[in-house]
Amino acid sequence: MTAKVGISVNRRKTERLNDYFAIVGLDPEEELRATSDGLTYQNTKFGSNIHPLKAKYVSQVLHRFPYFDHEDQCFPLNLPVFCMPGGLRLKLKEEIPTFFVFVQTHSNGEHTYGFCLTFYEKLDNDTRNELQEICELWEKYYGEDSMYSSLHLDPQSDVFAPKCLCLLSSWPYFDSYRQWLTNLFLNSINPCEIPLERYICNFMLEVPNAIPGYTEVRYRMGLNDLHFRCPPPNKPIAWRSLPFSILFQCLSNKNIVSLFESILLERSVLLKSKQLFLLSAVSEVIIALLYPLSWTHVYIPVLPEALLG
């Protein structure tokens with residue numbers, strides 16, 4: 001803990017509103033490969049005695065924009081691990097899109113926020129046929145003696161894989177970025193006169209950031225107005241985009257006091273939730289409420305399974 005505000009988001013050196021946009025998921029050009037840690041491939045198409053429908057697969061960056069790296073901010077090579085912290089897992093039913101935020105801390109103490117909208121797409125025919133072959137091969141070797149012996153993939157059933165739209169920024173505009181990603185996703189599944197690439201280029205390169213304490217940027221996308229406003233450096237608690245109410249909805253007053261006591265004593269704090277969004281939201285609110293102090297130790301609100309231990 002320190003009295004400096006070196007990592008105060010209001011004091012960021014970059015004037016960019018956005019850093020990078022990326023799409024993360026299964027690469028249709030490559031074979032399906034199971035993984036145990038989310039980072040490396042197994043030697044076989046399926047991981048030991050784990051059923052292919054229960055296995056984790058390595059996700060990759062399918063597209064990114066811009067294609068060049070900024071001089072003050074390189075594109076993170078470990079982005080797929082953070083976009084899918086639980087690993088890329090296939091589903092037999094299409095699930096509703098979900099939104100969450102992860103935070104990466106750099107050596108200088110500054111943060112990069114990753115705003116992720118995860119949705120599910122049906123596997124293409126080639127990948128679906130490959131998965132069917134893998135499942136039949138797995139059942140031949142492990143089916144009778146495995147706890148998944150009753151699990152069978154019907155050749156006629158659809159299989160869905162997660163895909164993530166990720167926006168990287170140095171600024172915690174939680175609600176505005178959620179709205180932008182949601183609108184981009186809705187435009188991708190509905191007829192739209194404007195190409196999606198134009199939306200992305202315009203937002204990434206042509207929309208300025210708000211001057212802390214002076215201006216507010218309003219960006220219109222479809223029928224929604226997105227607002228970007230940054231408070232002055234000496235008032236970080238004035239961030240309108242931070243969901244302050246969530247902290248008090250999730251924790252009792254007694255637990256909140258105990259939490260701040262532990263943080264002020266520089267103890268390790270572990271937050272656990274079934275909803276990924278709550279982890280980053282609550283963590284950011286806690287950091288903001290520490291002002292004029294700031295947290296300068298390890299800070300990973302959403303820790304991917306691949307980095308556990």
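What number comes out for accessible area per residue over the stretch 241-309 if the probe is 1.4 Å? Units Å², please.
Per residue, the stretch 241-309 has 61 Å² of solvent-accessible surface.
Nearest 500 deg cm²/dmol is fine: what mean residue ellipticity at 222 nm does the chain get from its DSSP H runs of n ≥ 4 alone, each adding -39,500 (n - 2.57), divided by its residue count?
-7500 deg cm²/dmol
Express in Å², to the nearest 10, the accessible area of residue 133 obtained by rolling a 1.4 Å probe over the protein heavy atoms while all chains stay in place.
120 Å²
In sequence order, what are the phi-derived ³J(HN,Hα) couplings for the stretch 61-70 according to the Karplus relation 6.51 cos²θ - 1.76 cosθ + 1.60 with θ = phi - 60°, rounded to whole Hz, with x for glycine and proline?
Values per residue, Gly and Pro as x: 6, 8, 8, 8, 8, x, 7, 9, 8, 6 Hz.
How high is the relative contact order of the stretch 59-162, in percent, with contacts defined as C-alpha pairs under 8 Å that are six or more residues apart?
30 percent
Answer with one residue from 132, 60, 176: the one whose Cα lies farthest towards the positive end of the charge dipole of the chain, charges on Cβ with Lys, Arg +1 and Asp, Glu -1.
176
Give, to the nearest whole percent, the P(r) tail of the chain beyond 38 angstrom, counting all Cα pairs.
Across the chain, Cα pairs with separations above 38 Å total 21 percent.
By the gyration tensor of its Cα atoms, with a ≥ b ≥ c the square roots of the eigenvalues, what is the shape of the stretch 234-309: rounded for a/c under 1.5, prolate for a/b over b/c, or oblate?
rounded
Based on DSSP loop calls and a cut-off of at most 10 other Cβ atoms within 10 Å, the longest stretch of the chain free of exposed trypsin sites (Lys or Arg not before Pro) is what?
94-266
Once you list every other residue whose beta carbon is under 15 Å from the beta carbon of residue 197, what net charge do they have if Lys and Arg are +1 and Asp and Glu are -1?
Summing Lys/Arg as +1 and Asp/Glu as -1 gives 0.
With only Lys, Arg, Asp and Glu charged, each at its Cβ (+1 for the first two, -1 for the last two), find how big the charge dipole of the chain is about the Cα centre; round to the nearest 20 debye.
1400 debye
Let me make sure I get this right: for the stretch 141-291, a, b and c are the square roots of the gyration tensor eigenvalues over alpha carbons, sorted descending. Under 1.5 in a/c it's rounded, otherwise prolate if a/b > b/c, else oblate. Which is it?
It is oblate, given that a/c is not under 1.5 and a/b is not larger than b/c.
Using the Karplus equation 6.51 cos²θ - 1.76 cosθ + 1.60 (θ = phi - 60°), what ³J(HN,Hα) coupling, rounded to whole Hz, does each residue of the stretch 275-288 give in order, writing x for Gly and Pro?
The phi angles translate into 10, 4, 4, 5, 4, 6, 4, 5, 4, 5, 5, 4, 4, 5 Hz.
Please report the relative contact order for the chain, taking Cα pairs under 8 Å with a sequence separation of at least 6, and give it as a percent rounded to a whole number.
26 percent
Using the Cα gyration tensor of the stretch 40-129, with a ≥ b ≥ c the square roots of its eigenvalues, what is the shape: rounded (a/c below 1.5), prolate (a/b larger than b/c) or oblate (neither)?
Verdict is prolate for the stretch 40-129.
Work through the residues other than residue 301 whose Cβ is under 13 Å from its Cβ and net out their charges, Lys, Arg +1 and Asp, Glu -1.
Residues close to residue 301 contribute a combined charge of 0.
In whole percent, how big is the carbon plus sulfur part of the accessible area of the chain, probe 1.4 Å, protein atoms only?
52 percent
The values are calculated or read from the model by the stated rules, or taken from the named source; none is laboratory data. These figures come from a predicted structure and were not determined experimentally. All Cβ positions, glycine included, derive from the backbone under ideal geometry; neighbour counts span all protein chains shown. Protein only, heavy atoms only, side chains kept; ligands, DNA and RNA dropped before computing areas. Shrake-Rupley method; radii C 1.70, N 1.55, O 1.52, S 1.80 Å.
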